[in-house]
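Asks: This is the structure, below, for whatever I ask next.
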Amino acid sequence: MATSRFLSPELIVRTASDLGDRDGADAMSMRRIAAELGCDPMALYRHFANREALLDAVADLALGDVPSPDAELPWEERVFATADAIRTAALRHPGIAAHVAARPPMGANGRRIAVGLVTALVTSGLPPATAVRCLQTLVAYLASSLAMAVRAGARDERWEQVRAMLDGLPGSHMPGGELFVVGSEEQFRFGLRLLMAGIRAEVAAANGATGP
């Protein structure tokens, strides 16, 4: 059994992450984490100001699985692959995925990933200010997509209702059966391709304005 004198931030974060992976987000209370460590809950506050700070650290740990973008790849491939890897890494840790969506990590891994994305966007020819705004938009899309993915299911009753509504629209030929399952990987990647098309349009405009 662990005692507080053996506690370290790394051990606490790893224990909280393992607990969330096993038992889900609701299990990641300070009391449960302390019980896993065999210590008093107050011992955790010597290392983290509050539960949110601890969960921020757990979220950043989850993104440790995201590789740094390969600088040899075209900028578009770097951005797409990194965004896709962030979603995959977060969903690999179900206990913390919703927290990642609500509060994108700003620890060491979050900063590393942000630098890689901004570098790729600036490499495209975007002005730094536009690159930052594109990054913010990417983060917003990732956050909303992750929030939906946490609750993703199957083609349920609501899906069937929307499909029927689309099929029944007068004067239209909308194939309601082509609807994505909300939060699915297919929906995420389709939306990411649309977002990348918008960034490419910004790149084209920037390069046209600054080129010869």
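The values are calculated or read from the model by the stated rules, or taken from the named source; none is laboratory data. Computed from a predicted model, the values in this text were never measured in an experiment. Every residue, glycine as well, gets a Cβ built from its backbone with ideal geometry; the counts of neighbours run over all protein chains shown. With ligands, DNA and RNA removed, areas are computed over all heavy atoms of the protein, side chains included. Shrake-Rupley method; radii C 1.70, N 1.55, O 1.52, S 1.80 Å.
Asks: With every protein chain left in place, what is the accessible area of Met30 in Å² (1.4 Å probe, nearest 10)?
Replies: Answer for Met30: close to 20 Å² accessible.
Asks: Can I ask one more? Give, rounded to the nearest 20 debye, the magnitude of the charge dipole that the chain has about its Cα centre when Lys and Arg contribute +1 at Cβ and Asp and Glu contribute -1 at Cβ. Walk me through the numbers on the way to the answer.
Replies: Numbers: 21 positive and 24 negative charges, 100 e Å.
Here the size comes out at about 480 debye.
Asks: Mind putting a number on the dipole of segment 45-91 about its Cα centre? Charges go on the C-beta only, +1 for Lys and Arg and -1 for Asp and Glu, and I need it in Debye to the nearest 20. Display every interim value, and only then the final one.
Replies: On the way: 4 positive and 9 negative charges, 75 e Å.
In total the dipole reaches around 360 debye.
Asks: OK, next. Specify, per residue and in Å³, the volume enclosed by the convex hull of the alpha carbon atoms belonging to segment 55-148.
Replies: For segment 55-148, the hull spanned by Cα atoms encloses 78 Å³ per residue.
Asks: Taking every eigenvalue of the Cα gyration tensor of the chain, multiplying by 5 and rooting it, what semi-axes result, largest first, whole Å?
Replies: Working: eigenvalues 267, 144, 26 Å².
Each semi-axis is the square root of five times an eigenvalue, giving 37, 27, 11 Å.
Asks: Based on the alpha carbons, how large is the Rg to Rh ratio for segment 1-99 when Rh follows Kirkwood?
Replies: Rg divided by Rh gives 1.09.
Asks: In addition: Can you give me the distance in nm between label points at Arg151 and Ser8, each placed 7 Å from the Cα along the Cα-to-Cβ direction?
Replies: Spacing of the two 7 Å Cα→Cβ label points: 4.0 nm.
Asks: In Å, what Kirkwood hydrodynamic radius results for segment 106-146 from the alpha-carbon pair distances? Walk me through the intermediate numbers first.
Replies: Numbers: mean 1/r = 0.0951 Å⁻¹.
It is 10.5 Å.
Asks: Stretch Ala206-Ala27 to full length: gain in nm at 0.36 nm per residue minus the Cα-Cα span? Could you put the intermediate results ahead of the total?
Replies: Details: separation 179, 0.36 × 179 = 64.44 nm, distance 4.80 nm.
Length difference between fully extended and current span is 59.6 nm.
Asks: If you don't mind, another one. Specify which residue in the list Leu19, Ala149, Thr82 is farthest towards the positive end of the charge dipole of the chain, using unit charges on the beta carbon of Lys, Arg (+1) and Asp, Glu (-1), about the Cα centre.
Replies: Checking the options against the dipole of the chain, the answer is Leu19.
Asks: On the full set of protein chains, 1.4 Å probe, figure out the accessible area of Thr119 and give it in Å² to the nearest 10.
Replies: Probe radius 1.4 Å; accessible area of Thr119 about 70 Å².
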